[in-house]
1. Can you tell me how many residues in region 1-49 are of a type in the set (S, T, N, Q) and loosely packed, with under 11 Cβ neighbours inside 10 Å?
2. Checking the condition in a helix (DSSP H, G or I) and among the aliphatic types (A, V, I, L, M), which residue from Ala106, Ala131 passes?
3. Which of the following residues is over 21 Å from Asp176 (Cα atoms), of a type in the set (D, E, K, R), open to solvent by 40 Å² or more (accessible area, probe 1.4 Å) and in a helix (DSSP H, G or I): Glu63, Glu55?
4. With the checklist (1) of a type outside the set (Lys, Arg); (2) assigned to a helix (DSSP H, G or I); (3) over 14 Å from Glu108 (Cα atoms) in hand, flag the one item Gln126 doesn't pass.
5. List the helices (runs of 4 or more DSSP H) inside region 1-49, counting only whole elements, that have at least 2 residues being more than 25 Å from Ala74 (Cα to Cα) and of a type in the set (D, E, K, R).
6. Taking Ser103, is it open to solvent by 20 Å² or more (accessible area, probe 1.4 Å), touching a Ser or Thr at 6+ places or on another chain (Cβ under 9 Å), closer than 30 Å to Asp48 by Cβ and not hydrophobic (A, V, I, L, M, F, W, C)?
7. Here are some residues: Leu178, Leu139. Which one is closer than 20 Å to Glu108 by Cβ and either in contact (Cβ under 8 Å) with a residue 60 or more places away in the chain or open to solvent by 40 Å² or more (accessible area, probe 1.4 Å) (or both)?
Amino acid sequence: MELKFILESILFSAQQPLSPKDLRDLLAAAAEHGEGPDVRSFKKTSLDSITTALEELEREHTEKARSYRLVCVAGSWQFVSEPEYAPWIKALVGHRNRPGRLSQPALETLAIIAYRQPLTRAEVEQVRGVAVDSVLQTLLERGLIEQVGRADVPGRPITYGTTSVFLEYFGLKSLDDLPAADELRRLPMQKSENLLTVDAGLATAPPEQLQQPEPASSEQQTDTAQPQPSA
């Protein structure tokens, strides 16, 4: 009996995605209560063996081009139907309410966090050039981002990163599967040694409070340099 077919039968019957660790625990539980040497032989199956078997199954189902395939999303595996069969499946199970689509500002902010995390709110604003308070709140409420720590700068502002819900939303196995965005990754981000903190959630003050004074004109510099007449 092959491991991949055992895993296939489990995932085919499962009502939710399962991680390699979940599958390993199921194999161990079956060995504890099952009978026969075949069942007990899989009691100590390694995570690497399980992952290898799952990836082999994934390739096989893809090559056979069936109406369904095996996918890994956010580290867990499940069978999913191909998109072109959606009309018939919807007729069977009905339409499910899905969260509304993200706005363009929310997508832009989410992309910045995904590729450059962990980031403070001020660092996101530095890249986007606009305030992102309400957008961050929306992403937090949707569970797409979360607070992951605090930056090592004055004021200790909160840093943000993506969640497993983010991976599920975009159907990604891990962050390594994000499309290449070299330009976004190379975008310079200036970090001052003396960051002005005006809010516990900001690494720096808002842009309008950080405007540098206009440099003095040459005439002003000349006038400043002239000695004052003696009394």
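1. Initially, region 1-49 is screened for residues of a type in the set (S, T, N, Q), giving 9, 13, 15-16, 19, 41, 45-46, 49.
Narrowing the set further to residues that are loosely packed, with under 11 Cβ neighbours inside 10 Å leaves 9, 13, 15-16, 46.
Total meeting the criteria: 5.
2. Ala106
3. On the way: Glu55 fails: over 21 Å from Asp176 (Cα atoms).
From the options Glu63, Glu55, the qualifying one is Glu63.
4. Only one criterion in (1) of a type outside the set (Lys, Arg); (2) assigned to a helix (DSSP H, G or I); (3) over 14 Å from Glu108 (Cα atoms) is unmet by Gln126, namely (3).
5. Numbers: elements: 3-13, 20-33, 37-40.
Hits in region 1-49: 37-40.
6. Details: open to solvent by 20 Å² or more (accessible area, probe 1.4 Å): yes; touching a Ser or Thr at 6+ places or on another chain (Cβ under 9 Å): yes; closer than 30 Å to Asp48 by Cβ: no; not hydrophobic (A, V, I, L, M, F, W, C): yes.
When the stated conditions are applied, Ser103 does not pass them.
7. Values: Leu139 fails: either in contact (Cβ under 8 Å) with a residue 60 or more places away in the chain or open to solvent by 40 Å² or more (accessible area, probe 1.4 Å) (or both).
Selected residue: Leu178, the only one of Leu178, Leu139 that is closer than 20 Å to Glu108 by Cβ and either in contact (Cβ under 8 Å) with a residue 60 or more places away in the chain or open to solvent by 40 Å² or more (accessible area, probe 1.4 Å) (or both).
The values are calculated or read from the model by the stated rules, or taken from the named source; none is laboratory data. A quick note: this is a predicted structure, and the numbers were derived from the prediction, not measured. A quick note on method: Cβ atoms are made from the backbone with ideal geometry, for glycine too, and the neighbour counts reach across all protein chains shown. Each accessible area value is taken on the protein alone, full model and side chains, heavy atoms only, with ligands, DNA and RNA left out. Shrake-Rupley method; radii C 1.70, N 1.55, O 1.52, S 1.80 Å.
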